[in-house]
């Protein structure tokens, strides 16, 4: 029989039935009063989710589009920027900044390790002439399952006083606490197919007053991704261009679900699922790629030494219809990644872990104690 596919990847993530049903409604005019009411509610709930009173703008893009907008609206060609790179997406932002003519200084860390916050401190404190205009950081590095210490890096940015911090929060927004106003973050980009629990297609950019001040002198050419028209339109509960109306219906429903669950409960759930997944993998003798103290709450990267990662993914898909993510670039075939982001519950983790146990046995992996993974995960879930 045809099984129900189970997405255990860091995006797209599972979509609740109520969200899918909302998206199945007939579209309405995006210049109508009814749609303005939807926009008004979404804007209010987005500010709640981002923990900010400042603008949270909605673009018809992916998370990459949101990050591009976050750069070109507030920085200039020739600007000196620091970019943290410890995975595929940090690498992407460095390449993007170079493409726009910025003077990019990469702060590298080994893939699977968190960024060294002290390097940021040294660079920023050493910038006596205030030449650094931006610091670009990937909070949750999806390619490796590492959560970087954004709070500490941001403190050093704030001590610098002049530069902006631009944050890739694509797989951390809605999965871990990011108090934007409390920390004073300037630009935060994210995407709909992650913690928002809706399909791909929407990007979000939260912008501080300091960022808008920088906008006044930013000269990189832009049109569709010029954020000022979005800001002016959002103030009137509308959009500058035609939006994906039905996707915004889904966003409205998903944000209502998140508000009902509450921020603290959302973050606690993601922490619980992360801890259960990591405990299960350890009990199965599967090495984890990221350290416990820098573990992403969106995805767990596993680096098996006694079985091919792609074989694991293949059996999981063929026999259990569970999708796991693979490694990227030089990590292809060396790791697999299990997502636990968005609309994922305890039952999903238990199902995935039991299927993983069976997969390892099917592949003839020695030293597996049947039930050990489930027992480890269940212990965490029972105690959380």
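Residues in segment 354-373 that are in contact (Cβ under 8 Å) with a residue 60 or more places away in the chain and crowded, with 19+ Cβ neighbours inside 10 Å: 356, 357, 360, 368, 373. All conditions but one from (1) within 13 Å of residue 138 (Cβ to Cβ); (2) under 17 Å from the mean Cα position of the chain (by Cα); (3) in a helix (DSSP H, G or I) apply to residue 65; the one that does not is (1). Scanning segment 214-256 for residues that are farther than 30 Å from residue 163 by Cα and exposed (fewer than 15 other Cβ atoms within 10 Å of the Cβ) returns 236, 241, 242. Residue 264 fulfils the conditions (1) touching a residue at least 60 places away in the same chain (Cβ under 8 Å); (2) not in a strand (DSSP E or B) except for a single criterion, (1).
Taking segment 92-195 and the strands (runs of 3 or more DSSP E) fully enclosed by it, the elements with 1 or more residues that are at pLDDT 95 or above and surrounded by fewer than 24 Cβ atoms within 10 Å (Cβ to Cβ) are at 103-108, 132-138.
Conditions tested, residue by residue: (1) closer than 16 Å to residue 377 by Cα; (2) at pLDDT 95 or above; (3) in the same structural domain as residue 191 (by TED's automatic domain parsing); (4) surrounded by fewer than 17 Cβ atoms within 10 Å (Cβ to Cβ).
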position	(1), (2), (3), (4)
272	yes, yes, no, no
281	yes, yes, no, no
287	yes, yes, no, yes
299	yes, yes, no, no
304	no, yes, no, no
327	no, yes, no, no
343	no, yes, no, no
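Within segment 312-330, being in contact with a strand residue (DSSP E or B) (Cβ under 8 Å, 6 or more places away or on another chain) and more than 14 Å from residue 352 (Cα to Cα) holds for 326, 327.
For residue 230, the requirement of being at pLDDT 95 or above, part of a loop (DSSP other than H, G, I, E, B) and under 14 Å from residue 66 (Cβ atoms) is not met. Restricting attention to segment 36-62, the residues being in a helix (DSSP H, G or I) and out of contact with any strand residue (DSSP E or B) (no Cβ under 6 Å at 6 or more places or on another chain) number 12.
Being more than 30 Å from residue 336 (Cβ to Cβ), at pLDDT 95 or above and not in a strand (DSSP E or B): is that true of residue 82 here? Criteria not met by residue 82. Among the conditions (1) surrounded by fewer than 24 Cβ atoms within 10 Å (Cβ to Cβ); (2) in contact with a strand residue (DSSP E or B) (Cβ under 7 Å, 6 or more places away or on another chain); (3) over 18 Å from residue 235 (Cβ atoms), residue 75 misses just one, which is (1). Summed over segment 91-103, residues that are within 23 Å of the chain's Cα centre (by Cα) and in contact (Cβ under 8 Å) with a residue 12 or more places away in the chain total 5.
The values are calculated or read from the model by the stated rules, or taken from the named source; none is laboratory data. All figures in this text were calculated on a predicted structure; none of them were measured in a lab. For neighbour counting, all protein chains shown are included, and Cβ atoms are generated from backbone atoms with ideal geometry for every residue, glycine included.
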